[in-house]
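Note sheet for the following structure.
Where a number appears in this text, it was derived from the coordinates with a stated rule and is not lab data. Small disclaimer: the values here were computed from a predicted structure and weren't measured. All Cβ positions, even for glycine, are placed from backbone atoms using ideal geometry, and neighbour counts span all protein chains on display.
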Amino acid sequence: MDQETCAHSLEVYDKQGITKDPRVAIIEDIQTLIMSKFHSAHDYLIIGIDANEDINSSGSTFILQMLSGLGLQDALEFLNDKNRPPTI
C-alpha cells in the first residue's frame with residue numbers, strides 16, 4: 001500500500017472513530033486470542049500467514065519473535081529440523 005493510500009485509509013478510520021492502526025490492531029487481537037483461548041486450554045493451533053517476511057533469513061523476523069514469545073513454534077522446522085521443505 002502506498003503512502004497516499006495508507007494516509008487516506010487512516011483518515012477514513014479516524015472518521016469512523018477507529019483510532020488504532022488496523023495493522024497494529026490485528027497483531028494485538030491475534031496475541032490476545034492466542035493467550036486467552038488457545039494457550040490456556042493447551043490446544044493445538046496452526047497459523048497460516050503471509051507476513052511478507054523471509055522466515056529463512058538469518059535474523060529473526062518480527063512475526064517469528066511475536067509467535068515464539070507466545071510459546072508457539074514453527075511446525076515445519078520442528079518436524080524437519082533445519083531442513084524445512086519449501087512451501088511455495
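Label-to-label distance, H39 versus Q16, with points set 7 angstrom from Cα along the beta-carbon direction: 2.9 nm. Available extension along the chain between F62 and N83 is 5.4 nm, counting 0.36 nm per residue and deducting the alpha carbon span. Note that the range 68-75 has calculated 3J(HN,Hα) couplings of 5, x, 8, x, 8, 9, 6, 5 Hz, one per residue in order, obtained from phi through the Karplus relation 6.51 cos²θ - 1.76 cosθ + 1.60 (θ = phi - 60°); glycine and proline are x.
Give me D43, D50 ranked fewest to most by other Cβ atoms within 10 Å of their Cβ, as a rough exposure proxy.
Working: D43 9, D50 5.
The fewest-first ordering by Cβ neighbours comes to D50, D43.
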